[in-house]
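Visitor: My structure is below; once you've seen it, I'll send some questions.
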């Protein structure tokens, strides 16, 4: 099977909603979340998708 | 000099001329380089030679000469492979790739144009030998017209209506009209996307067209052509700035989202209109027997 997408990281302000799997980055506020997501996006060559107001996932689209 | 010399020279000359006529560098940027052109002119020369020689050979009752044409066929199939391999290799380094369907279309065009050269040379030499120079000249014009007709396929404007729509966001979702394109999380990136992005809605004119533009290769060809003609605001390591084309499942419309460097609406619409309908993407569901009502033949 060829992997087409992978969740590389999760960025959140609400740690209760996340468990296991990809690395999780816990932030204090929206501003910090935006800045971390932006950095991760650039470093990992992935796209930051907003799942909800509190959760971003960084996804690599192969 | 014998009776065949002039017809042979004329046949080869017209064949090479036909190849040059069919070798155009346009916005598709291929073949761009002098060396690429030389390869195709040289192969055109070989094709012209093969087509021309076949006629005097048959007139001299050397029927085995026809087997050389099979050699030509395998030779030009190799041309298709060469083009496919080169373009596929290069495609990995394109900011907006052409896609395999488009590449296959280009490769087929290169192969078939060599066959057109063979036929041109063959018929022109035949006309020269049987009817003389003036008839050969008439045949040359006829062959050029046929080549012109055969090499120009259809374009998108024949099968879709194109309309500009400004892209917008609903939450994190990017939309062109009501067609969902992608999810972009970071607000800063959303601003960039709205600043640079342009959206187009392609409405298919028929049921056949609906299936054709649904083809992913066809959609990629649209994105590639627009990005080539108008530039693209994108770089490696910026995956969120990506041109995409998505389909409306309800009615088969396609929403095209592009990030051109030159925001010229007229040119963009003209470029999309002139995107070739790829041979490999064309589908004709209405030609299927099951779809044709009133044509049912029942034998029992």
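Visitor: At a threshold of 8 angstrom on Cα-Cα distance, excluding pairs fewer than six apart, so keeping six or more, what relative contact order does chain B reach in percent?
Guide: It rounds to 18 percent for chain B.
Visitor: Summarise the long-distance tail of P(r) for the protein assembly as shown by giving the % of C-alpha pairs beyond 34 Å.
Guide: Percentage above 34 Å: 46.
Visitor: Sort the following peptides by mean Cβ neighbour count (other Cβ atoms within 10 Å, averaged over residues), highest first: B:12-21, B:120-129.
Guide: Top to bottom by mean Cβ count within 10 Å: B:120-129, B:12-21.
Visitor: Additional query: As a test of understanding, state the convex hull volume per residue of segment B:90-227 from its alpha carbons, in Å³.
Guide: 150
Visitor: Moving to a separate point now. Under the Kirkwood approximation applied to all pairs of distinct alpha-carbon atoms, what is the hydrodynamic radius of segment B:5-152 in Å?
Guide: Radius from the Kirkwood sum: 16.0 Å.
Visitor: Between the alpha-carbon centers of segment A:15-51 and segment B:172-195, tell me the distance in whole angstrom.
Guide: 18
Visitor: Could you work out [θ]222 nm for the protein assembly as shown from helices alone, using -39500 (n - 2.57) per DSSP H run of at least four and dividing by all its residues? Round to the nearest 500 deg cm²/dmol.
Guide: Theoretical 222 nm ellipticity from helices: -16500 deg cm²/dmol.
Visitor: Here's a follow-up. Roughly speaking, what is the centre-to-centre gap between segment B:4-22 and segment B:215-242 when only Cα atoms are used, to the nearest Å?
Guide: 40
Visitor: Right, something else. Using only atoms on other chains, find how many Cβ atoms lie within 10 Å of each Cβ of peptide A:54-61 and report the average.
Guide: 2
Visitor: Follow-up. Take the alpha carbon gyration tensor of chain B, find the square roots of its eigenvalues, order them as a ≥ b ≥ c, and report rounded if a/c is under 1.5; if not, report prolate when a/b exceeds b/c, else oblate.
Guide: Cα axes put chain B in the prolate bin.
Visitor: Further question: How many Cβ atoms of partner chains, on average, are near each residue of A:38-48 if near means within 10 Å of its Cβ?
Guide: The mean count of partner-chain Cβ atoms within 10 Å per residue comes to 4.
Visitor: If you don't mind, there's one more thing I want to ask. Which of B:175, B:164, B:93 moves most in a GNM of chain B, Cα contacts under 10 Å?
Guide: So, out of B:175, B:164, B:93, the one fluctuating most is B:93.
Visitor: Which order do the peptides B:68-77, B:248-257 come out in when sorted by mean C-beta neighbours inside 10 angstrom, highest first?
Guide: Those peptides, ordered most packed to least, come out B:248-257, B:68-77.
Visitor: Report for segment B:157-285 the percent antiparallel among DSSP-assigned beta bridges with both residues inside it, nearest 5.
Guide: If I count the DSSP bridges inside segment B:157-285, around 100 percent turn out antiparallel.
Visitor: Further, regarding this structure: Any chance you could check the Cα centroid distance between segment B:78-147 and segment B:35-50 for me, in angstrom?
Guide: Each part reduced to its Cα centre gives a spacing of 10 Å.
Visitor: Please work out how much length the chain gains when fully extended from residue B:155 to residue B:64, using 0.36 nm per residue of separation minus the C-alpha to C-alpha distance, in nm with one decimal.
Guide: Gain in length upon complete extension: 28.5 nm.
Visitor: Also, quick follow-up: So, by mean Cβ neighbours within 10 angstrom, what's the order for B:147-160, B:216-229, A:41-54 with the highest one leading?
Guide: B:216-229, A:41-54, B:147-160
Visitor: If you take the square roots of the eigenvalues of the alpha-carbon gyration tensor of segment B:157-285 and sort them as a ≥ b ≥ c, do you get rounded (a/c under 1.5), prolate (a/b over b/c) or oblate?
Guide: Taking the square roots of the gyration eigenvalues as a ≥ b ≥ c, segment B:157-285 is prolate.
Visitor: Okay, next question. Could you give the nm distance between label points at residue B:134 and residue B:75, where each point is 7 Å from its Cα heading toward the beta carbon?
Guide: It is 3.5 nm.
Visitor: Within a 10 angstrom radius of each residue's Cβ in B:181-189, how many Cβ atoms of other chains show up on average? Whole number is fine.
Guide: Averaged over the peptide's residues, the number is 6.
Visitor: Let me ask another. Which distance in nm do the two modelled labels at residue B:34 and residue A:6 give, with both placed 7 Å along the Cα-to-Cβ direction?
Guide: Taking the simple label geometry, residue B:34 and residue A:6 are separated by 4.6 nm.
Read-outs throughout are calculated quantities, based only on the coordinates presented, and are distinct from any laboratory measurement. Everything numeric in this text was worked out from a predicted model, so none of it was measured. All Cβ positions, even for glycine, are placed from backbone atoms using ideal geometry, and neighbour counts span all protein chains on display.
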